[in-house]
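The values are calculated or read from the model by the stated rules, or taken from the named source; none is laboratory data. What you see is a predicted model; the values in this text were computed from it and never measured. Because the Cβ atoms are built from the backbone with ideal geometry, glycine has one as well, and the counts that use them run over all protein chains shown.
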């Protein structure tokens, strides 16, 4: 029974309320009243988004809002109480969980056509087969980062206006209204409405077929804020407008960040193979039947967050061992030998980090690893958003830089060079060098170790395990992994250097 | 005679009782027939099963997959049945399974699968104008013997789930030797633990390694001839998994998928004459007509069985 309950709590489902009475609550710590001054990433500053002053708390209109909350609190349903409890875990952390589910739900490649070709998901016809998007690791890395950075920017704006206007929460104004969620900052504009508004708009852009679930969840979030006595309807309306305005800025950026052309074209795919051949190397080719076009070969040109295009190229690792070199033969033999003599423990590690089809992908896995440690800190909502933004920015940058490397060298997978080499994991359909897992994980561990230094050893151990898991799976050479880890650490450094100077770094 | 009847049990199971994932699992205990071994008799032997498919159902959609080609599963199973009394039989089986895909890069898997134990009890027999009507109750359990991964379908050798079943069987046997049998079971399945911390199935992301396995209902109808040293029968069976999600378009199968199958089968067994009467041989074939989240399997089975009387009386 306990186990069953645990599973119910563990199940994250959009539209389903988890009865998570045991979940720790987000508490106010410091409040971060100066967050409106923290350095922006995309916006020019908090006043780029105008938020008009609220009405007086003594006004008739506001008193009517309070009456509505009082009445609603007097007849709370079981579902409403469960909803308040669900959101008490924190807005940013809950929406991150929801995003993980959206990614897993969309992490499926198109099925082949009868003639052996593959259809491409179409953002303008998302409900067709194949559905849009195919949330593969680069797409997912970008999605997590857009949502996290937009939440962070929107909350900094919200914090600016909260402390500009200093409007108290309904539960602070009216003795008859209970505080069913903690009040951590002035109420106007509502941080719940800001987060639900900015997140829902971006999720609808990124996962258009899920519009219904997303909209319902966002509405439920705002309703919970109201019923809990944390926000009045005008607090919510101002927050929603602010969140949507910030989302519009990010939507514009997403339309021009290079994602639309990241799939390349048949001519480009051929040019990549020809270039590798011209260098005297065996070019990568798809091991799928029928052969599938490579995954997002131009993703390396998508706009990064903390790195300029010149820095992406500057940090690009040198070439892998030549496909005809004794070193490559030696590395190939190591992969083959490892898979052939795989222990159960090694297989468990490979499977733990598989993050293949229908998964939240490796960037999602690192969000999952970070969540309990973030939660334990007791950070304010805006500081929580900062942590997720830093983590997901670096993993997006890792995706860009790793894909730039992969499609610069177009290096074959081990099972292409040796057809007798069988894998313990599904074989990703893109070039081998360098390992995406290693790059993502190393960048993530770098940022997490900055955010939570006391757990640096743990994050590093997880990173090492994620990286070597790809050798155990038979899908990466050792140099893919070692170079990827080194590359990822340098990428992580860009985000950490930004964070140290952003005005929020307390150390 | 007892030998022959016991052989019938084995073959029927292979064509009918199997919980069919994309790779079928052998439950080499046949608790679903009308045959009892006599008391104080040991019956043991070896069965080899060859399953193969090159098309499967992805949810309701039947398809092939160039990254799998033909999937084969070879099972070697040791089997033993002991007659505690004429009315109570206990049996056990231990299969070794090997899977392989003819195309693609995924590696083959092999290993000891699940130890099966079962007890079958003959409830009552009543004569009727057309023959003898008998009823049976049986309970069985499956216990994974190794920690093989259930997270590599369709190449996993099994679901790595503990199982318990309750079964009821009715048989009508006529004097000339013709018979009809109906048998049905409900199977409870224990949670499965994955090596990864979360999984997505049936529209939800579960943030846990524990997979709740849906239970299974199955039934088999069979008819044939059983007399002296020969048994021949045909059967039709349905298996329904009572929950679980579909394989999504172009996704990998998952251990808790709703795996359903309708199968037909036929079997022949023969007890060797004279001095070799303690030995018997059998052969069977079955085919999946319709399914959901399973392969369209063709299954061939062959086996040799040995009977050892321990009661000191002449063998009937």
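Tabulated results
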{"read-out": "Residue in segment A:410-421 that is surrounded by fewer than 23 Cβ atoms within 10 Å (Cβ to Cβ), away from chain B (no Cβ under 14 Å) and modelled with pLDDT of 95 or more present", "value": "no"}
{"read-out": "Hey, residue A:231 under 22 Å from residue A:122 (Cα atoms) and surrounded by 24 or more Cβ atoms within 10 Å (Cβ to Cβ) or not", "value": "no"}
{"read-out": "Verdict on residue B:233 being in contact (Cβ under 8 Å) with a residue 24 or more places away in the chain and under 23 Å from residue B:75 (Cα atoms)", "value": "yes"}
{"read-out": "Spans of helices (runs of 4 or more DSSP H) in segment A:164-263 with at least 1 residues under 21 Å from the mean Cα position of the chain (by Cα) and at pLDDT 95 or above", "value": "A:191-206, A:211-227, A:233-255"}
{"read-out": "Residue A:328, sole failed condition from (1) away from chain B (no Cβ under 14 Å); (2) buried (at least 19 other Cβ atoms within 10 Å of the Cβ); (3) in a loop (DSSP other than H, G, I, E, B); (4) over 24 Å from the mean Cα position of the chain (by Cα)", "value": "(3)"}
{"read-out": "Counted residues, segment A:79-111 - those being in a loop (DSSP other than H, G, I, E, B) and more than 10 Å from every other protein chain (Cβ to nearest Cβ)", "value": "3"}
{"read-out": "Residue in segment A:352-368 that is farthest from the other protein chains (Cβ to nearest Cβ), counting only those that are crowded, with 21+ Cβ neighbours inside 10 Å and part of a helix (DSSP H, G or I)", "value": "A:363"}
{"read-out": "Some residue of segment A:429-437 being surrounded by fewer than 23 Cβ atoms within 10 Å (Cβ to Cβ), farther than 25 Å from residue A:496 by Cβ and touching a residue at least 40 places away in the same chain (Cβ under 8 Å)", "value": "yes"}
{"read-out": "Boolean, residue B:194 is crowded, with 19+ Cβ neighbours inside 10 Å, in contact with a helix residue (DSSP H, G or I) (Cβ under 8 Å, 6 or more places away or on another chain) and either within 14 Å of chain A (Cβ to nearest Cβ) or within 25 Å of residue A:466 (Cα to Cα) (or both)", "value": "yes"}
{"read-out": "Which numbered condition residue A:267 misses (of (1) touching a helix residue (DSSP H, G or I) at 6+ places or on another chain (Cβ under 9 Å); (2) part of a helix (DSSP H, G or I))", "value": "(1)"}
{"read-out": "Of the criteria (1) part of a loop (DSSP other than H, G, I, E, B); (2) buried (at least 17 other Cβ atoms within 10 Å of the Cβ); (3) more than 22 Å from the chain's Cα centre (by Cα), which one residue A:114 fails", "value": "(2)"}
{"read-out": "For residue A:382: the one exception among (1) under 23 Å from residue A:464 (Cβ atoms); (2) part of a helix (DSSP H, G or I); (3) away from every other protein chain (no Cβ under 12 Å)", "value": "(1)"}
{"read-out": "Sole residue being touching a strand residue (DSSP E or B) at 6+ places or on another chain (Cβ under 6 Å), more than 25 Å from residue B:190 (Cα to Cα) and in contact (Cβ under 8 Å) with a residue 24 or more places away in the chain, chosen from B:146, B:174", "value": "B:174"}
{"read-out": "Candidate set: segment A:295-325, residues that are surrounded by fewer than 17 Cβ atoms within 10 Å (Cβ to Cβ) and more than 33 Å from the chain's Cα centre (by Cα); chosen: the one nearest to residue A:260 (Cα to Cα)", "value": "A:322"}
{"read-out": "Qualifying residue in segment B:133-147 (condition: within 14 Å of chain A (Cβ to nearest Cβ), closer than 24 Å to residue B:244 by Cα and at pLDDT 95 or above)", "value": "yes"}
{"read-out": "Test for residue B:121: is it under 25 Å from residue B:160 (Cα atoms), more than 14 Å from every other protein chain (Cβ to nearest Cβ) and either at pLDDT 95 or above or touching a helix residue (DSSP H, G or I) at 6+ places or on another chain (Cβ under 9 Å) (or both)", "value": "no"}
{"read-out": "Which numbered condition residue B:186 misses (of (1) in a strand (DSSP E or B); (2) over 23 Å from residue A:353 (Cβ atoms); (3) more than 26 Å from the chain's Cα centre (by Cα))", "value": "(3)"}
{"read-out": "Segment B:89-112: number of residues that are within 14 Å of chain A (Cβ to nearest Cβ) and either in a strand (DSSP E or B) or on the phi > 0 side of the Ramachandran plot (or both)", "value": "10"}
{"read-out": "Which listed residue is buried (at least 22 other Cβ atoms within 10 Å of the Cβ), modelled with pLDDT of 95 or more and more than 21 Å from residue A:355 (Cβ to Cβ), from B:170, B:216, B:180", "value": "B:216"}
{"read-out": "Residue in segment A:422-469 that is nearest to the chain's Cα centre (by Cα), counting only those that are closer than 20 Å to residue A:396 by Cβ, within 14 Å of chain B (Cβ to nearest Cβ) and in a helix (DSSP H, G or I)", "value": "A:437"}
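Quick grid of which residues meet (1) surrounded by fewer than 16 Cβ atoms within 10 Å (Cβ to Cβ); (2) out of contact with any strand residue (DSSP E or B) (no Cβ under 8 Å at 6 or more places or on another chain); (3) modelled with pLDDT of 90 or more; (4) away from chain A (no Cβ under 14 Å):
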| site | (1), (2), (3), (4) |
| --- | --- |
| B:211 | no, no, yes, no |
| B:221 | yes, no, yes, yes |
| B:246 | no, no, yes, no |
| B:258 | no, no, yes, yes |
| B:287 | yes, no, yes, yes |
| B:291 | no, no, yes, yes |
| B:298 | yes, no, yes, yes |
| B:302 | yes, no, yes, yes |
| B:315 | yes, no, no, yes |
